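First up is the structure itself, then whatever we jot down about it.
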Amino acid sequence: MKVVLQDLTKKFPASGKASRKEVVAVDNFSFEIPDGKLIGLLGPSGCGKSTTLNLICGLLTPTSGKIFFGDDDVTDLPPENRGVGMVFQNYALYPHLTVLQNIIFPLQNLKGKDKLSKQAMLDRAAEAARLVQIENLMDRKPGELSGGQQQRVAIARALVKTPRVLLLDEPLSNLDARLRLQTREEIRRIQRETGVTTIFVTHDQDEAMSISDMIVLMKSGVVQQIGKPQEVYDDPANLFVAKFLGTPPINVFDGRVESGRLFIGREAVLDVPGAPDCEVDAAIRPEGFIPDENGALGCRLDRVEVMGRDVSVVSTHGSSQNQVIRSIINSDIRIDPDAENVRFNLKPHKVFIFDKKSGGRIRFGGSLNG
Ligand code: ATP
């Protein structure tokens, strides 16, 4: 089911207190979510992710704008008539009901033509349990399950009504690191198997990048960029996006462009043909550094951390905005850990320059960067 968000805006009014101003939680959000895709809705705390999800499921009404499921305008439909499945961070299972009773629960309230026989309900519950692989836990109560198993029950309960759209709000937050990894892959598998259009809210960029067909990155209610994870990583629209995606994070320097050359400190580090003369934020991905004793950018070497296949060269520079610069280098390249300085050449497609004031991208050259 295609989901269309059309100029969606949600404002929360100012409260009585003078200190509380109106909040624009979602600001003019337009996006056509293709049928059957998994969309990662990503951004820092308070950027409007949950509000967007609550607008789509109908728990909130937009201040303006419209929401369509396929060709149906669902903007004014109550949640129960939208055909959405929701999974929240706290699984909210009924503690006194068994797993089977929890999964079946949403089916028991169906009325009229949607009403199901007991057997049909059991069949649907068995199918949902199979999808999330908890068939052997059906007689247990939630208290007798691990966090990961409880989350699977919550997902089965959301899937049992064969929703048109599945909405997941930080579904992995309560799980430990290993289970988070495992469960996010499970979610991807289940989504592929069911083909249900899914919107997955998270503030964890690794999580969103690894399982999403497309990511939407938000800041202060405003969409910053929409695209395939790799495309957004490789071609960030602004400094916020560049900084939000990637581990280790991108290295940002105070720089300036003069006559088509990018300067960091006094060194001309890269040709940036076509870029206007101005002060810039110059951002270099950790994998964008090539050690070279005659390299253009000189840094003070702090330490070399061994990571197996790669090494992380940790250095400092007077123009760096990050406390340390992290460059990821293939471990075949030998770096003397006792040296005082290290010099690098830069891979042009791993260097982005941004307007100091607006944070907007300044493009240069003829390739991806141009
Ligand atoms: P988190 O990751 O912390 O859950 P989020 O990205 O989901 O954050 P939202 O919960 O959508 O963010 O909130 C967006 C903005 O709207 C925030 O500034 C928040 O304080 C505000 N907000 C949310 N709900 C209300 C409300 N009912 N009344 C007033 N302001 C609200």
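The values are calculated or read from the model by the stated rules, or taken from the named source; none is laboratory data. Since we're looking at a predicted model, the values are computed, not measured. Note that we place each Cβ from the backbone using ideal geometry, even for glycine, and neighbour counts take in every protein chain shown. Side chains included, ligands, DNA and RNA excluded: accessible areas come from the protein's heavy atoms. Shrake-Rupley method; radii C 1.70, N 1.55, O 1.52, S 1.80 Å.
Any residue at all in the range 10-24 that is outside any loop (DSSP other than H, G, I, E, B), more than 15 Å from the ligand (Cβ to nearest atom), assigned by TED's automatic domain parsing to the domain that holds residue 231 and at pLDDT 95 or above? Outline the logic, then answer.
Quick first cut of the range 10-24, residues outside any loop (DSSP other than H, G, I, E, B) only: 10-12, 23-24.
Still in the running and more than 15 Å from the ligand (Cβ to nearest atom): none.
There is no residue in the range 10-24 that is outside any loop (DSSP other than H, G, I, E, B), more than 15 Å from the ligand (Cβ to nearest atom), assigned by TED's automatic domain parsing to the domain that holds residue 231 and at pLDDT 95 or above.
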Exercise. Please enumerate the residues belonging to the range 26-48 that are open to solvent by 10 Å² or more (accessible area, probe 1.4 Å), part of a strand (DSSP E or B) and within 15 Å of the ligand (Cβ to nearest atom).
Key: 27, 28
Practice problem: Check whether at least one residue in the range 202-212 is surrounded by 20 or more Cβ atoms within 10 Å (Cβ to Cβ), in a strand (DSSP E or B) and within 14 Å of the chain's Cα centre (by Cα), and report yes or no. | Solution: yes
Quiz item: Of the residues 269, 257, 232, which single one is under 15 Å from residue 299 (Cβ atoms) and surrounded by 21 or more Cβ atoms within 10 Å (Cβ to Cβ)?
Solution: 269
Self-check item: Considering residues of the range 152-198 that are open to solvent by 20 Å² or more (accessible area, probe 1.4 Å) and of a type in the set (Ser, Thr, Tyr) only, the residue farthest from the chain's Cα centre (by Cα)
Solution: 162
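Applying the selection to the range 217-247, what residues are part of a helix (DSSP H, G or I) and of a type outside the set (Ser, Thr, Tyr)?
Residues of the range 217-247 that are part of a helix (DSSP H, G or I), as a first pass: 229-234, 239-244.
Scanning the range 217-247 gives 229, 230, 231, 232, 234, 239, 240, 241, 242, 243, 244.
Could you please find all residues in the range 83-123 being of a type outside the set (A, V, I, L, M), part of a helix (DSSP H, G or I) and touching a Lys or Arg at 6+ places or on another chain (Cβ under 8 Å)? Break it down into steps so the answer makes sense when it comes.
Step one: filter the range 83-123 for residues of a type outside the set (A, V, I, L, M), giving 83, 85, 88-91, 94-96, 98, 101-102, 105-106, 108-109, 111-115, 117-119, 123.
Then keep just the ones that are part of a helix (DSSP H, G or I); that gives 101-102, 105-106, 108, 112-114, 118-119, 123.
Listed by number, the residues that qualify are 102, 105, 106.
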